[in-house]
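Student: Dropping a structure here in structure tokens format, bear with me for questions.
The values are calculated or read from the model by the stated rules, or taken from the named source; none is laboratory data. Given the structure is predicted, the values throughout are model-derived calculations rather than measurements. Here the Cβ positions follow ideal geometry from the backbone for every residue, glycine too, while neighbour counts run over all protein chains shown.
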Amino acid sequence: MSTPPGRGGLFELSPDNSSPRRTLAEAAAAELHRMILAGELQAGSPLRLTDLAAQLDMSPMPVRDALRRLEALGLVEIVPHKGAKVRELSEADLRDTYEIRIELESLAVGRAALAFDADVAGRAERALDEHESLLARGEVERARRAHTEFHFAIYHASGSRWLPRAIEPVWLNSERYRFASTPDAERRHLSQMEHRAILDACVAGRPERAIAALRGHLEGAMTRILAGMARSTR
């Protein structure tokens, strides 16, 4: 079975990233990613190399590398001779991101449901419990990591080396949209029910049911985020 995802930072979704040894560029990318999700670096904000290097207490070189990594993930836009900025949020990008997520994650969860065991079920259950309790306490950043652990505990159970890695960039991009607004209690409860349905189907070894629950969850999330974006532009 694949190693479960680590807890550490930007590349926490890949099994090789559980190592505590991280380059300066990886550390810079993780912190910039966190700042983007937290809204400290908002969509469209310029990313000035010297300012970021001073803020992160690093030389410009690892920060430049970090920006390139974030550009490859679609979170940052680098314009030649003009510099870098946080990519703008858009309805078209949101739809594209979630459509790809639905296809990749459906494949992963279907395979996982056929290979689920008590160890994976326990890991996913603990992550989901932690996610729910952290959200209830308002600890959004830690809840985000627990949410990631829940989903990727399942996706790694697919036995595929490449599916979790393929999911990672679109997952990271979708996080920007998920955390652009704070969900209300009703939306949190609905999302929790959807998570439980995915897990229950996997534990039961029902791939068709797991895929249907996963698709419903992601389609519902996309619809709720789109509604939030529409309200914010009124």
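Student: Which one of these is part of a helix (DSSP H, G or I), under 21 Å from Gln42 (Cα atoms), of a type outside the set (S, T, N, Q) and more than 14 Å from the chain's Cα centre (by Cα): Arg196, Arg187, Arg215, Arg224?
Tutor: Arg224
Student: What pairs come up if the first residue lies in region 187-204 and is free of Cβ contacts under 8 Å to residues at least 40 places away in the same chain, the second is assigned to a helix (DSSP H, G or I), and their beta carbons are under 6 Å apart, counting only those six or more places apart or on different chains?
Tutor: Arg187/Arg224; Glu194/His217; Ala197/Ala213
Student: Might you check whether a residue that is of a type in the set (Asp, Glu) and either closer than 18 Å to Ala212 by Cβ or in contact with a helix residue (DSSP H, G or I) (Cβ under 7 Å, 6 or more places away or on another chain) (or both) occurs anywhere in region 109-121?
Tutor: no
Student: Considering only residues that are outside any strand (DSSP E or B) and either at pLDDT 95 or above or touching a helix residue (DSSP H, G or I) at 6+ places or on another chain (Cβ under 7 Å) (or both), which ones fall in region 69-86?
Tutor: Arg69, Leu70, Leu73, Gly74, Leu75
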